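The values are calculated or read from the model by the stated rules, or taken from the named source; none is laboratory data. Worth saying up front: this structure is predicted, and the values here are computed from it rather than measured. Positions of Cβ are backbone-derived with ideal geometry, glycine not excepted, and every protein chain shown enters the neighbour counts. Accessible surface is based on the protein model in full, side chains and every heavy atom, while ligands, DNA and RNA are left aside. Shrake-Rupley method; radii C 1.70, N 1.55, O 1.52, S 1.80 Å.
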Amino acid sequence: MTPPPSAFYARVFGLITAALLGVALFRIIQPFIGAVLWSVLLAFLLLPVNQALRRALRGSRAAAAMALTLAVVLVLIGPASFLAFAFTRQASDLIVRLQAAADRYHMVKLSDLLRVPVIERVIGWAESVAPITADQVEAWFVNAAKALLGLLVSSGGAVVVEALGTLISLVMMLFLLFFFLRDGEEMVQRTLGLVPLSAERQAQLVEHLSAVTRAVVFGSLLTALVQGTLVGIAFALVGLPSPVFFGGLATLAALVPLVGSTLVWGPGVGVLAFHGRWYAAIFVVLWGTVVISMADNIVRPLFISGRAQISTLPVFLGLVGGLSAFGPIGMVLGPVIVALALALFRFAEESRVRDLLKPG
């Protein structure tokens, strides 16, 4: 008769089996981890809409998930295609303008950029305050341009592969989105059943992480969209070319901590000043420092600190660190991980205080 396995052996065997299965499962989903995380995030953000659709469709989870997935496809294809068309058209118009400027200043090679009046004046000032010459600046410029060109040539194939991978990830995200919309709540409940916390603590944790996620997504993305829109409006008002193009760039730049959309409207001020349009330049400076900064100082804290009950510093560290560690999805994942760590720390602290206050 075979003796029953000891409790120690059973635990070790279970841990080793779980570790091996976990590694194997991670290797399987690793190529699609980005699509999985984006689909989970989108399903979570659409949860109120999904629940309303279920009620309207008499509780049919599959029908509600399919309708919402199709709506996401239409939103991605419709407005996104229109914006992409406008962005591309204005980018082409900008290239034509740059080509015209190159013809006007007789620039036939990259080093000829140094003869543009404003650049020439900057180089003259640099020669007067630093031990450098125009020939040295030209050599640095040409070497940097060659290095950039070599990088672009060497990465051309990688760009194509990356674009194809992005398309595949988008299709995979939409495919997974349907299942997370249909079965996501059940998955969450089963996962929470494995968490060794009381039902009250689990509810508090879920509510806190939900608030942080919504705050970071809406706070960061909405702020970026508002700032990009304001930059595009300013460029259109002063007659700068391609306002949609630069508004799109400003939306992306607004996600960069500290500098934000200044990376876009700052050079616009320089262009206006170069053409002697001082009133327009002053208007853009005031618009950027007052109106755009106001959007950043009002919209972002309103969504992040107010709803998430988390200070700005952990959110900032989570945004920057998450972006570095996980890529674009890290802008949401980073603050959520920081919020989870802070919440668990608070739970442990409260439990320790309760234990100390218990009588003898």
task: Tally the residues that are open to solvent by less than 70 Å² (accessible area, probe 1.4 Å) and not hydroxyl-bearing (S, T, Y), restricting the search to segment 275-293.
output: 9
- prompt: Right, R11: assigned to a helix (DSSP H, G or I), basic (K, R) and over 29 Å from S169 (Cβ atoms) or not?
  reply: yes
- request: Using the structure shown, decide if R307 is closer than 16 Å to L222 by Cβ, modelled with pLDDT under 70 and either open to solvent by 70 Å² or more (accessible area, probe 1.4 Å) or in contact with a Phe, Trp or Tyr (Cβ under 9 Å, 6 or more places away or on another chain) (or both).
  value: yes
Neighbours by Cβ (under 7 Å, 6+ apart or cross-chain): first from segment 263-275, in contact (Cβ under 8 Å) with a residue 24 or more places away in the chain; second surrounded by fewer than 16 Cβ atoms within 10 Å (Cβ to Cβ) and part of a helix (DSSP H, G or I): F274/V118
query: Has segment 181-196 got any residue that is under 22 Å from the mean Cα position of the chain (by Cα), surrounded by fewer than 21 Cβ atoms within 10 Å (Cβ to Cβ) and part of a loop (DSSP other than H, G, I, E, B)?
result: no
statement: Quick count over segment 226-262, residues being part of a helix (DSSP H, G or I), modelled with pLDDT under 85 and among the hydrophobic types (A, V, I, L, M, F, W, C), is 7
- line: Taking segment 21-77 and keeping only residues that are open to solvent by less than 60 Å² (accessible area, probe 1.4 Å) and either among the charged types (D, E, K, R) or outside any helix (DSSP H, G or I) (or both), one is left with L46, R54, G59, S60
task: Give the residue that is most open to solvent (accessible area, probe 1.4 Å), with candidates limited to residues of segment 226-252 that are without any contact (Cβ under 8 Å) to a residue 24 or more places away in the chain and of a type in the set (G, A, S).
output: A236
message: Given the criterion surrounded by 12 or more Cβ atoms within 10 Å (Cβ to Cβ) and touching a Phe, Trp or Tyr at 6+ places or on another chain (Cβ under 7 Å), identify the matching residue among L317, L333, L344, L340.
response: L333
message: Condition check: among the aliphatic types (A, V, I, L, M) and under 20 Å from G327 (Cβ atoms). Does V212 satisfy that?
response: yes
- request: Would you please list the contacts, defined by Cβ atoms under 7 Å and residues six or more apart or on different chains, that run from a residue in segment 55-83 that is farther than 13 Å from R182 by Cβ to a residue that is open to solvent by less than 40 Å² (accessible area, probe 1.4 Å) and modelled with pLDDT of 85 or more?
  value: V72/L174; V72/L177; V73/L174
query: Would you say A203 is part of a helix (DSSP H, G or I), without any contact (Cβ under 8 Å) to a residue 40 or more places away in the chain and surrounded by 20 or more Cβ atoms within 10 Å (Cβ to Cβ)?
result: no
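Before we move on, is T223 touching an Asp or Glu at 6+ places or on another chain (Cβ under 7 Å), in contact (Cβ under 8 Å) with a residue 40 or more places away in the chain, at negative phi and not in a loop (DSSP other than H, G, I, E, B)? Give the steps one after another, and end with the answer.
Numbers: touching an Asp or Glu at 6+ places or on another chain (Cβ under 7 Å): yes; in contact (Cβ under 8 Å) with a residue 40 or more places away in the chain: yes; at negative phi: yes; not in a loop (DSSP other than H, G, I, E, B): yes.
In short, yes.
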